[in-house]
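Single-structure report; data block below.
The values are calculated or read from the model by the stated rules, or taken from the named source; none is laboratory data. Just so it is clear, the structure is predicted and the values come from calculations on it, not from any experiment. When we count neighbours, we look across all protein chains shown, and the Cβ atoms used for this are built from the backbone with ideal geometry, even at glycine. Each accessible area value is taken on the protein alone, full model and side chains, heavy atoms only, with ligands, DNA and RNA left out. Shrake-Rupley method; radii C 1.70, N 1.55, O 1.52, S 1.80 Å.
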Amino acid sequence: MNVHDSERLAGLLDEAGYQPAPDGETPDVVVFNTCAVRENAADRLYGNLGHLLSQKKNGMQIAVGGCLAQMERTRITDRAPWVDVVYGTHNMASLPALLERARVRHEAQAEFAETLETFPSLLPARRQSVYSAWVAISVGCNNTCTFCIVPALRGKEKDRRPGDILGEIRALVADGVLEVTLLGQNVNSYGAEFGDRTAFGKLLRGCGEIEGLERVRFTSPHPRDFTDDVIDSMAETANVMPSLHMPLQSGSDKILKAMRRAYRRDRYLAILDRVRASIPDAAITTDIIVGFPGETDADFEETLDLVRQARFAGAFTFRYSIRPGTPAATMDAQVPADTVQERYERLTALVEETTYEQNAKQAGATLEVLVAEGEGRKDAATHRMSGRARDNRLVHFAPHETTPRPGDIVTVTVTRGAPHYLLADRAPLSVRRTRAGDAWQAAAATPPAAASPAPAAATPVLLGMPSLPTA
């Protein structure tokens with residue numbers, strides 16, 4: 001969601017006459033788009049603000065927005081008085097005006113709205129990819145998970161109308177996009193605002209009717225709202241990919257109750273069973289928190305046991321982070337840091353073992369891979385390229401004589417699996433050139449615009465601090 005917001009911020013600045021700072025040059029404007037899900041995001045922000053203090057004498061403007069700005073508000077300018085603009089999660093559209101006002105008045109500007117006025121997807125965007133796009137279907141969250149600060153910062157869930165969403169997707173496809181990811185803090189509760197509990201499944205089926213749209217993904221669902229009609233929509237809609245990110249958070253019923261997660265381990269595992277019965281090749285990933293207040297050794301062992309049963313294709317694992325203002329922050333039995341670290345290391349080791357086993361089973365499989373730009377590691381000796389399979393696994397593959405472009409589709413045979421990726425050592429069996437590849441080639445051939453000498457056309461760079469997957 002924060003990456004999506006950063007694209008909108010960049011689009012707003014483009015529209016206001018700003019230009020991206022060339023590599024190696026000091027920008028005139030730096031915008032931090034922040035996350036507040038974990039404490040280390042705040043540490044990173046203040047560290048970066050301190051690093052930029054020396055640049056202020058050259059006239060640099062610094063803006064801070066996003067969830068951490070919404071939470072910290074005036075504390076940011078108290079701790080870093082050289083910051084020029086601070087704005088909240090509902091104030092993205094105001095960024096250019098706030099920068100201009102700070103320049104004219106020579107004083108810091110702050111703006112925080114309590115409710116959303118302009119849906120972020122209505123704002124202009126400078127997308128990072130010409131072949132893949134984010135599409136927000138809702139913002140905010142109606143859940144009350146005790147560890148999560150997001151509902152307090154993003155507000156109650158607000159849903160876009162289905163026609164507006166599908167219209168945006170059609171426009172993206174016309175622009176060369178092959179793949180969209182539907183975004184929501186709790187994506188499968190979509191429709192709650194206008195009273196249709198089956199709206200998300202209908203939306204997936206609507207995506208299936210858009211000609212030229214080859215891949216549809218979504219993140220992140222909540223197990224409480226994950227119903228059979230959504231599974232049926234995934235299984236019966238050809239361009240909805242066989243990948244599912246289903247946050248777990250804990251395998252202990254006691255801890256799930258303390259987290260207010262509104263499901264228990266048996267229900268969670270039953271959902272995975274139903275998904276795999278309908279979509280046998282589905283790759284399922286998850287989020288897990290270690291060290292939530294009150295977590296005992298027995299609770300943690302239940303999490304390890306569920307991970308073994310679930311056979312995840314990947315997992316984002318986190319040490320519990322106290323967030324001021326959440327109920328969990330003041331709970332008794334906070335787990336000591338050394339215990340949390342020991343459990344975290346055991347969990348990550350098990351996750352790596354499990355994902356390695358799942359990836360190893362892919363050896364010999366023939367996969368369609370959407371060629372990516374700048375994803376995964378580059379191997380200078382073999383000149384391997386990278387991309388994502390339909391189930392979202394990362395695939396490194398050998399070059400092909402036609403040199404596939406980002407956005408093209410290659411068919412490869414997997415040689416072996418590793419803990420975090422698949423490897424195809426032989427050249428692709430085929431390469432399909434796509435409209436997305438054409439769009440990437442056209443964009444790559446377009447020379448960068450010349451920098452404007454006018455003071456109003458300062459050059460910004462956005463330093464994104466993307467949200468970690470959670471729900």
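Go through segment 307-344 residue by residue and tally those that are small (G, A, S) and more than 30 Å from S243 (Cα to Cα). Residues meeting the conditions: 5.
Just one of the numbered conditions (1) within 25 Å of D159 (Cβ to Cβ); (2) buried (at least 21 other Cβ atoms within 10 Å of the Cβ) is not true of F112: (2). Scoring L178 on the criteria (1) closer than 26 Å to D196 by Cα; (2) in contact (Cβ under 8 Å) with a residue 12 or more places away in the chain; (3) not aromatic (F, W, Y) leaves a single failure, condition (1). With the structure loaded, tell me whether A171 is under 27 Å from A443 (Cα atoms), assigned to a helix (DSSP H, G or I) and open to solvent by 30 Å² or more (accessible area, probe 1.4 Å) or whether it fails that test. The answer is yes for A171. Hey, any hits in segment 83-93 for a residue that's open to solvent by 20 Å² or more (accessible area, probe 1.4 Å) and more than 22 Å from P324 (Cβ to Cβ)? Among the residues of segment 83-93, at least one is open to solvent by 20 Å² or more (accessible area, probe 1.4 Å) and more than 22 Å from P324 (Cβ to Cβ), which makes the answer yes.
Here is a yes/no grid of residues against (1) of a type in the set (G, A, S); (2) modelled with pLDDT of 95 or more; (3) open to solvent by less than 30 Å² (accessible area, probe 1.4 Å):
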{"position": "A16", "(1), (2), (3)": "yes, yes, no"}
{"position": "D23", "(1), (2), (3)": "no, no, no"}
{"position": "V29", "(1), (2), (3)": "no, yes, yes"}
{"position": "D43", "(1), (2), (3)": "no, no, no"}
{"position": "L53", "(1), (2), (3)": "no, no, no"}
{"position": "A63", "(1), (2), (3)": "yes, yes, yes"}
{"position": "R79", "(1), (2), (3)": "no, no, no"}
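N143 satisfies every condition listed in (1) part of a loop (DSSP other than H, G, I, E, B); (2) open to solvent by less than 30 Å² (accessible area, probe 1.4 Å); (3) modelled with pLDDT under 95; (4) within 29 Å of E15 (Cα to Cα) except (4). For segment 259-307, a residue qualifies if it is more than 30 Å from E39 (Cβ to Cβ), assigned to a helix (DSSP H, G or I) and open to solvent by 60 Å² or more (accessible area, probe 1.4 Å), and the qualifying residues are D266, R267, D273, R274, A277.
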